[in-house]
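What follows is a single structure, written as structure tokens, with notes after it.
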């Protein structure tokens with residue numbers, strides 16, 4: 001039995017996920033918590049937020065984030081790719 005804190009909403013439910021019984025989730029206040037608990041133990045993902053270098057602008061770095069979740073095991077690989085990106089000002093949203 002694994003214990004997790006749900007991060008889907010600000011409520012922060014304490015989840016208990018039973019790996020031996022089909023990843024049954026208890027302690028969730030909503031269905032999204034159950035989905036999060038199962039996914040966190042079977043295929044954890046994260047949205048990556050970081051910055052990239054900008055030349056010729058008012059600020060040397062620009063915030064960026066992925067448009068969807070990435071597998072947790074690929075985050076360091078994605079960060080290495082971001083390290084090679086250089087933007088030229090002006091930079092637009094999106």
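Just so it is clear, none of the values below were taken in a lab; they were calculated from the coordinates. Predicted model, so just to flag it, every value in this text is computed and none were measured. All Cβ positions, glycine included, derive from the backbone under ideal geometry; neighbour counts span all protein chains shown.
Values computed for the structure shown
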item: Residues that are in contact (Cβ under 8 Å) with a residue 24 or more places away in the chain and either part of a loop (DSSP other than H, G, I, E, B) or over 11 Å from residue 85 (Cα atoms) (or both), drawn from the range 45-54; result: 45, 46, 48, 50
item: Residue within the range 27-44 that is part of a strand (DSSP E or B), surrounded by 12 or more Cβ atoms within 10 Å (Cβ to Cβ) and either in contact with a strand residue (DSSP E or B) (Cβ under 7 Å, 6 or more places away or on another chain) or at negative phi (or both) present; result: no
